[in-house]
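One structure is given here, and the rest of the page talks about it.
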């Protein structure tokens with residue numbers, strides 16, 4: 001039996017598994033702007049057989065929960081449990097991203113099983129850059145959800161130092177987006193629906209191109 005000299009073997013980079021998604025729709029917005037509400041509306045229109053929602057925060061929170069022995073499901077909620085760890089979790093996540101900017105985004109996109117992946121919580125320039133620069137075979141659509149501070153406050157938002165003035169909340173301010181959707185409550189429902197219809201049309205066009 002031939003013997004293999006393990007010392008002469010080089011470690012080649014692992015090939016990325018084939019991706020299932022053809023279009024990635026990336027949503028961004030301030031806290032309490034209603035990103036989850038809008039992405040859920042989009043998912044309803046696309047259908048769960050075709051699309052799914054992926055959250056960049058999910059693998060971050062899972063790894064953070066394991067390392068700190070916390071309740072992962074509670075960290076996924078919008079309740080006070082998550083808020084008491086938010087600042088430390090942000091710092092912890094930034095340390096991981098400093099080493100590998102696409103670490104969490106890569107986990108989400110490789111786990112996607114549907115043709116359309118809706119990212120509901122892009123927060124940093126590196127999030128967008130990963131999808132736009134590292135996944136050139138996939139069609140990308142970017143969406144910003146906006147709401148006034150008054151409306152956000154009515155939904156429970158309170159300005160918090162170390163949360164609302166750091167990169168995870170402000171890093172994508174001033175960027176150009178394919179779509180900007182206002183979500184200021186009942187008065188903006190008609191234009192919101194109109195924006196969603198235009199977004200749907202664009203996604204369908206991207207699917208045909210793919």
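The values are calculated or read from the model by the stated rules, or taken from the named source; none is laboratory data. These figures come from a predicted structure and were not determined experimentally. Positions of Cβ are backbone-derived with ideal geometry, glycine not excepted, and every protein chain shown enters the neighbour counts.
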Checking residue 12 against (1) at pLDDT 85 or above; (2) under 23 Å from residue 136 (Cβ atoms); (3) out of contact with any strand residue (DSSP E or B) (no Cβ under 7 Å at 6 or more places or on another chain); (4) assigned to a loop (DSSP other than H, G, I, E, B), only one condition comes out false. Which one? (1)
Residues satisfying the stated conditions in the stretch 167-192, i.e. part of a helix (DSSP H, G or I) and touching a residue at least 24 places away in the same chain (Cβ under 8 Å): 167, 168, 169, 192
So which residues in the stretch 193-210 are modelled with pLDDT under 95 and either in a loop (DSSP other than H, G, I, E, B) or buried (at least 17 other Cβ atoms within 10 Å of the Cβ) (or both), if there are any at all? 206, 210
Would you please list the contacts, defined by Cβ atoms under 7 Å and residues six or more apart or on different chains, that run from a residue in the stretch 21-45 that is on the phi > 0 side of the Ramachandran plot and touching a residue at least 24 places away in the same chain (Cβ under 8 Å) to a residue that is in a loop (DSSP other than H, G, I, E, B) and surrounded by fewer than 21 Cβ atoms within 10 Å (Cβ to Cβ)? 32/155; 32/156; 32/157
When every residue in the stretch 42-71 that is at pLDDT 90 or above and over 26 Å from residue 143 (Cα atoms) is compared, the one surrounded by the fewest Cβ atoms within 10 Å (Cβ to Cβ) is 69
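Which of the residues that make up the stretch 154-164 are over 22 Å from residue 26 (Cα atoms) and either touching a residue at least 60 places away in the same chain (Cβ under 8 Å) or in a loop (DSSP other than H, G, I, E, B) (or both)? I'd like the intermediate steps shown before the answer.
We begin by selecting, within the stretch 154-164, every residue over 22 Å from residue 26 (Cα atoms); these are 154-162.
Selection gives 155, 156, 157, 158, 159, 160, 161, 162.
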Filtering the stretch 194-210 down to residues that are in contact (Cβ under 8 Å) with a residue 12 or more places away in the chain and closer than 24 Å to residue 154 by Cβ, which residue is farthest from the chain's Cα centre (by Cα)? 195
Take the stretch 99-123 and flag every residue that is surrounded by fewer than 18 Cβ atoms within 10 Å (Cβ to Cβ), touching a helix residue (DSSP H, G or I) at 6+ places or on another chain (Cβ under 6 Å) and assigned to a loop (DSSP other than H, G, I, E, B). 101, 102
Taking the stretch 158-183 only, how many residues are at pLDDT 95 or above and surrounded by 16 or more Cβ atoms within 10 Å (Cβ to Cβ)? 5
Is it the case that some residue within the stretch 125-141 is closer than 18 Å to residue 36 by Cα and outside any helix (DSSP H, G or I)? yes
I'd like the full set of residues that are surrounded by 13 or more Cβ atoms within 10 Å (Cβ to Cβ), at pLDDT 95 or above and out of contact with any strand residue (DSSP E or B) (no Cβ under 6 Å at 6 or more places or on another chain), limited to the stretch 124-152. 147, 148, 151, 152
